[in-house]
Amino acid sequence: MGQILIVVRTDAGINGYGVGGGGLAGRHVVNSVLRDLLLGRDAEQTSQLYDEMYQATVPFGRKGLAVMALSGVDLALWDIRGKAERKPVVSLLGGQPGTPIPAYRTVWDTVPPELVGQFSAYKLHLGQTPLENLLSRIESARKAIGPDCELMTDAWMKWDLPTTLAFAREAEPYQLGWIEEPLPIDDREGYETLRNECPIPIAGGEHEFTEYGFGDVIRNRLHSVLQPDVCWCGGMTALVRIYEQALKAGIRICPHRGAEIWGLHAIAALDPHPLAESGRPWMTWVLGQPSIRQGTVTLEDEPGFGITIDETTPLLR
Ligand SMILES: [Mg+2]
């Protein structure tokens, strides 16, 4: 997915860190467009700078890698704001650190026995599973975690409309919290049909971008659960704006990879029903992230995002 580390340095000696996406192409966007826009500016004007970065990349951006790259820069600016004010980002957003947040674990095809009881909920990734095996996978996962633990499933855009509706009808007894991205992301008509006919809530949004893209999804109620990824969707500024719209519309947000440090600050501050998704191994070079223990994850009271970077890792080239 081409995660990129962004470092923004200020004349006051503060290093702001953020993670975005877009790989080498994302790095090109940062170094050839965003860097010049930011040099000499007040780093703490995050909202204004986000709008300018969005406008500067609109002709080739709007969605995809330009916004993924911009996301990392925006996060680095929020890190600077927190460090300058000696407050964690969660406090800048009106919340406070220290409250345990329920965390769910994403697993592929089956819930390994050693993970049972370690998380507040589980999500079964079934995108590549042959159709005839879908229900048996759900059934064995439900047996493994018991009747009272929340279970969700993720199809990663690999199903079609008839499959999704048939699956949803047959999976009803297993009480799934949601079906995530069952259809290709641009099958808008398909999602409209699911909105009207699917008995299980539809989740999605990890491949949607900015408050503009999510605004359309929210207005048309294409998903019941929104999953913006703060490292891809436009950074913290975009995520806050998406939260504002979703809360007004009464639509739940459950950020993609929310237990990673970047999204966790927003969940802790803004989410009335917080649930943080387990992180991915590619973020191991971001040091100081809180671990998930006994099904919850808790932010510490550190300035900014409260992390440092392992600059010796071979993952950073
Ligand atoms: Mg997913």
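Conditions tested, residue by residue: (1) crowded, with 18+ Cβ neighbours inside 10 Å; (2) farther than 17 Å from Met1 by Cα.
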| position | (1), (2) |
| --- | --- |
| Cys254 | yes, yes |
| Ile261 | yes, yes |
| Thr284 | no, no |
| Gly295 | no, yes |
| Thr298 | no, yes |
| Gly306 | yes, yes |
| Thr312 | no, yes |
For Arg252: the one exception among (1) out of contact with any strand residue (DSSP E or B) (no Cβ under 9 Å at 6 or more places or on another chain); (2) away from the ligand (no atom under 14 Å from the Cβ) | (1)
Only one of Asp74, Asp42 is free of Cβ contacts under 8 Å to residues at least 60 places away in the same chain and either surrounded by 13 or more Cβ atoms within 10 Å (Cβ to Cβ) or not aliphatic (A, V, I, L, M) (or both); which?
-> Asp42
Yes or no: Thr106 in contact (Cβ under 8 Å) with a residue 12 or more places away in the chain, over 30 Å from Thr10 (Cα atoms) and among the β-branched types (Val, Ile, Thr)?
-> yes
Select from region 163-180 the residues that are within 13 Å of the ligand (Cβ to nearest atom) and free of Cβ contacts under 8 Å to residues at least 40 places away in the same chain and list them in ascending order.
-> Ile179
Residues being more than 16 Å from the ligand (Cβ to nearest atom) and in contact (Cβ under 8 Å) with a residue 12 or more places away in the chain - total across region 195-218 | 10
In region 194-226, what residues are within 19 Å of His265 (Cβ to Cβ) and touching a strand residue (DSSP E or B) at 6+ places or on another chain (Cβ under 6 Å)?
-> Gly205, Leu226
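We did not get these values from a lab; they are worked out from the coordinates using the rules stated. Owing to the predicted nature of the structure, the values given are computational and were not obtained by experimental measurement. Glycine also receives a Cβ, built like all others from the backbone with ideal geometry; neighbour counts cover every protein chain displayed.
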